[in-house]
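Some notes on the structure that comes next.
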Amino acid sequence: MIRTVRIIILWGLSVTLLSAQEGRSVSNVGTTAAPFLEIGIGARAVGMGGAFVATANDASALHWNPAGMARLSQVEVMFVHTDWLCGLDFDFAGAVLPLGRWGSIGASVTALSMSDMPVRTVEMPQGTGENFSAGDLALALSYGISLTDRFSIGFTGKYIYQSIWKESACGVALDIGTLFTTGFRGMRIGASLRNFGTDMRMQGDDLLIFHDPDPKKLGNNDRIFADLKTDSWPLPLTFQVGVAMEAWNSPLHRLTLASDAVHPTDNTESLHLGCEYAFREMFFLRAGYNNLFLRDGEEGLTLGTGVAVRLMGHRAIRVDYAYADFGRLENVHRLSIGGSW
């Protein structure tokens, strides 16, 4: 298993180094479909700068690294709401069910939505009286299992749907993740490959038009039905590999340090850095830096806090908040509510 982990990590690092050596003149931003799949999930992970692939020990593992699900011993649920950029709403709901030695299964729903907007044209800039909406949706099923006491692997299958007014597109994707615990002070090495799937193409009623195949010929049928064909776009494939460990771990205090390298197909390579301080595993402070070294990036400093309240027995409720700086854009605030039992 150690050899498998080494192969995956070396492959990911090789891809990153080769891409960096190519010296791309453009970043490929805006060349993929469903970019909402790249939005980070969970206030805890975001507060740590997105450096979470080697930790992934709550329900947000459904997004970051499905291999982390195998390490969970209790049922975990999580609900996340984000006031995203440009007045958009980003929401996530997920649950993980441990099955003992058979691993863990999970399911999640991710949605990006907006309020209705008026339809405007050149002739009617104040609106035609119609409204349109747009939204994205991803439904996912996940499975993770520990193959040894140190190595786990996980998979996620996704159905992806995008729509704008009367047009829509759909696709499927697969995530693969691994998590390995070393013998050095509990250091963890994680890797995930996300959104490996089909291309997406818009289709809908507004692409049906009347066409005259020979406008110079009199008397022919000038109202032949035709279907406009849009381009297809790939999904935002992302490889992320990270390392995390507890620099300080006692019954009262814990300090986790984490670092992730990210290689996306629609942007340049970057680095996520993060840390989390816990007092009695009840009160949490987090800080991080997102997309370090990213060309023309707007994201940067992240901060977060959280509190966990234990109820009867092993049940617990957890509330987390994260702030993310987006430079010239408006800042983003995330709120997560989770539970375990």
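The values are calculated or read from the model by the stated rules, or taken from the named source; none is laboratory data. Source: prediction; values computed, not measured. Here the Cβ positions follow ideal geometry from the backbone for every residue, glycine too, while neighbour counts run over all protein chains shown. Accessible surface is based on the protein model in full, side chains and every heavy atom, while ligands, DNA and RNA are left aside. Shrake-Rupley method; radii C 1.70, N 1.55, O 1.52, S 1.80 Å.
Need the full-extension length gain, Asn221 to Phe293, defined as separation in residues times 0.36 nm minus the C-alpha distance. One decimal, nm.
Residue separation times 0.36 nm, minus the Cα-Cα distance, leaves 20.1 nm.
Per 10 Å bin, what is the whole-percent P(r) computed from every C-alpha pair distance within the chain?
P(r) over the chain, rounded to whole percents: 5, 22, 33, 21, 10, 5, 3, 1, 0.
Using a cut-off of 9 Å between beta-carbons, work out the net charge of the residues near Thr302 (Lys and Arg +1, Asp and Glu -1, Thr302 not included).
-1
From the gyration tensor of the Cα coordinates in segment 195-341, what semi-axes in whole Å does the equivalent ellipsoid have, largest first, with each one equal to sqrt(5λ)?
52, 20, 14
Could you give the length gained by full extension between Tyr277 and Asn331, i.e. 0.36 nm per residue of separation minus their alpha carbon distance, to one decimal place?
Gain on stretching Tyr277 to Asn331: 17.1 nm.
Taking every eigenvalue of the Cα gyration tensor of segment 126-226, multiplying by 5 and rooting it, what semi-axes result, largest first, whole Å?
For segment 126-226, the ellipsoid semi-axes come out as 51, 16, 10 Å.
Nearest 0.05, what FRET efficiency do Thr148 and His211 give at R0 = 45 Å with Cβ-Cβ as r? Walk me through the intermediate numbers first.
Numbers: r = 62 Å, r/R0 = 1.38.
Rounded to the nearest 0.05, the efficiency is 0.15.
For the modelled label position 7 Å from the Cα of Asp83 along Cα-to-Cβ, which residues of segment 299-341 have backbone nitrogen atoms closer than 13 Å?
322-324, 330-335
In whole angstrom, how long is each semi-axis of the equivalent ellipsoid of segment 58-179, when you take the square root of 5 times every eigenvalue of its Cα gyration tensor and sort them from largest down?
39, 13, 9
Nearest 500 deg cm²/dmol is fine: what mean residue ellipticity at 222 nm does the chain get from its DSSP H runs of n ≥ 4 alone, each adding -39,500 (n - 2.57), divided by its residue count?
Value at 222 nm, helices only: -2500 deg cm²/dmol.
At 7 Å along Cα-to-Cβ for each site, give me the label-to-label distance between Ala111 and Met187 in nm.
4.3
How about Lys229: which lysines have a C-alpha closer than 18 Å to its C-alpha, ignoring those fewer than 8 places off in the same chain?
Answer for Lys229, where 18 Å is the Cα cut-off: Lys166, listed by chain and number.
With each label point set 7 Å from Cα along the Cα-Cβ vector, what nm distance links Gln74 and Leu285?
So the two model labels end up 2.5 nm from each other.
Could you work out the mean projected area of the convex hull around the alpha carbons of segment 43-105, in square nanometres to one decimal?
4.3
Arranged from highest to lowest average of other beta-carbon atoms within 10 Å per residue, in what order do the peptides 173-182, 86-95 appear?
Working: 173-182: 22.0, 86-95: 16.6.
For the peptides 173-182, 86-95, the packing ranking is 173-182, 86-95.
Express the accessible area of the chain per residue in Å², computed with a 1.4 Å probe while the remaining protein chains stay in the model.
It amounts to 53 Å² per residue over the chain.
Order 115-127, 201-213, 250-262 from most to least packed using the mean count of other Cβ atoms within 10 Å.
250-262, 201-213, 115-127
Out of residues 5 or more away from Thr230 or on other chains, whose amide H comes under 5 Å of its own, with H placed 1.01 Å from N in the peptide plane?
Close amide H contacts, sequence-distant or interchain: none at all.
Round to a whole number: what % of the accessible area of segment 83-236 belongs to carbon and sulfur, probe 1.4 Å?
60
Could you state the angle between the C-alpha long axis of helix 2-22 and the longest principal axis of the C-alpha atoms of the chain, as a value from 0 to 90 degrees rounded to the nearest 10?
With both axes taken from Cα atoms, the answer is about 50 degrees.
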